1. Would you mind calculating the relative contact order of segment 22-92 from Cα pairs under 8 angstrom and at least 6 residues apart, reporting the percent as a whole number?
2. With the contact rule set at Cα under 8 Å and sequence spacing of 6 or more, what percent relative contact order holds for segment 173-231?
3. Kirkwood hydrodynamic radius of segment 336-393 from all distinct Cα pairs, in Å?
4. Kindly report the accessible area of the chain per residue (heavy atoms of protein chains, probe 1.4 Å, no ligands, DNA or RNA), in Å².
5. Using only the Cα atoms, what convex hull volume per residue in Å³ does segment 67-130 have?
6. Hey, of [x] 335; [y] 139; [z] 184, which did the structure itself give for volume of the Cα convex hull per residue in Å³ when calculated?
7. If you average 1/r over all unlike Cα pairs in segment 244-316 and invert the result, what Kirkwood radius do you get in angstrom?
8. Output the Kirkwood hydrodynamic radius of segment 383-442, Cα pairs only, in Å rounded to one decimal.
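The values are calculated or read from the model by the stated rules, or taken from the named source; none is laboratory data. Only a predicted model underlies this, so the values are computations on that prediction, with no experimental measurement involved. Side chains included, ligands, DNA and RNA excluded: accessible areas come from the protein's heavy atoms. Shrake-Rupley method; radii C 1.70, N 1.55, O 1.52, S 1.80 Å.
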Amino acid sequence: MRAARTVPKGRQVDPQARASVAALLGDRPRRRDLLIEHLHLIQDAHGQIPAALLAALAEEMRLPFAEVFEVASFYAHFDIVREDEAPLPPLTVRVCDGLPCALAGAVALAEDLAARLGSEVRVVRVPCVGRCDTAPSVEVGHHFIDHATPATALEAVARRAVAPHIPNYIDYASYVAWGGYELLARVRRGEITHEAILDLLDRGNLRGFGGAGFPIGRKWKAVRAQPGPRVMAVNADEGEPGTFKDRFYLERDPHRFIEGMLIGAESIEASEIYVYLRDEYPAARHILQTEFAKLPAGGPRIHLRRGAGAYICGEESAMLESIEGKRGLPRHKPPFIFEQGLFGRPTLANNVETLWWIRDLVTLGPDWWLAHGRHGRRGLRSYSVSGRVRQPGVKLAHAGVTIRELIEEYSGGMQPGHRFRAYLPGGASGGILPARMDSIPLDFGTLEEFGCFIGSAAVIVLSDQDDIRQASLNLMRFFEDESCGQCTPCRIGTQKAAALMAGETWDEELLKQLSQAMRDASICGLGQAAPNPLLTTLAYFPEAFAP
């Protein structure tokens, strides 16, 4: 006769882990959509997520353990430690190996730090962290070291400098003193109607600066035409290698963005706003938390949600899935998110820079906006410039500026000893063009015929000292790492392409066939655009394949 069980079947939650998780959560709601926020609480407190705490969180939130595990394991910033594994070192040093940082020596830096720090500190290479203008970038805890060297990184580790540096910025009182929120007040008083706002956006032809370039007036009208309740979602998860303009504005002039956001919410009559912010931007998170708390009562409720290291969540429907506490898997369309978006409601999604421009366009008028521009293009935009230029950074310039103008007029020219060879006009997914094609206006619709696009205007400049094939391989490995894995063409295609590109010779025909399959059959823009650097390298740099 079998002996009776001393414990019930299934996974048992450790009482100590249960108490620890309950204390961390405190009186916070246990709603399903807050799962990722609660995972961050554990990760921040312990520097990792032991399996026992993961099981306790599942019990606390009344969710299946498998569901909690699949969400936690999807995101790169959650370090799950299984029962049979040793705990991770208490401190993690992250070295960005995105293309601008790789050009600045990040790979050798990571190897050097790993050799010097030993087993007491974990050194990992990570994708782009949005600090391409200060490459190479190293993160110790949540503290970033710009233009990092082994000496500066080791010094930060020795001091345990893990808190983010908060830069000086225009706070609420200063913004109001300079006339901030006057436009929002006029909109709320009815002095400027919602229809007038939408008309001004249409006349100015303002387009989204997150990458797709969709006309903003049409987008706002489409959401407003849907039955309520409506919601607004702000995409502050810029993860495209080479892009850092949203961080630049959030860390310097956040209320200009916030006012634009609130005007957008008023225009579609949204009662709630969800701001989805990159986890790599801890200073911006601190600033937004501080400044949101200063806003007067009476407006829409603002929720600040924290990403967890997934480039795919820059895709708007994947972002909504993540806000709902799920894996960031892009949704099939239709329905489109303006019809059924966040929590099934009609949703307006805009990125930070787009909303940052709302106040000026409405106040100064569409004629002011359209008076700017070069080479037949109209308006302004922010170019994130990095790579082999003397003065990298965010460049506020005329729409349609050429790469040669951007380098010479705005970026101080090329670095000493470097000759301009190539450039990425739109980040990792925007393709690579040779220096001889330096007169193309950098704007929406001007680059597509060359197999490229402007996207979020992440411009990376390469020189005669850079290996174009290695740069293209770096980008494909980024896409391989960041593919969500939902669809086979992207999941397997990026993996296969990276393996083929790592060889001494490239099978051009096979790579083109693979690229076509990814473009035709991938669910979202990640897989569809991933072949662009590969195909433009094949098309424009035959010398890179010469024996």
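1. That works out to 35 percent.
2. With pairs under 8 Å counted, the relative contact order is 19 percent.
3. 14.5 Å
4. Numbers: 22570 Å² over 547 residues.
Here the residues of the chain average 41 Å² of exposed surface.
5. Values: hull volume 6.2 nm³, N = 64.
Roughly 97 Å³ of hull volume per residue.
6. So the calculated entry is the one marked [z].
7. Across segment 244-316, the inverse of the average 1/r is 13.0 Å.
8. Evaluated over segment 383-442, this radius sits at 11.6 Å.
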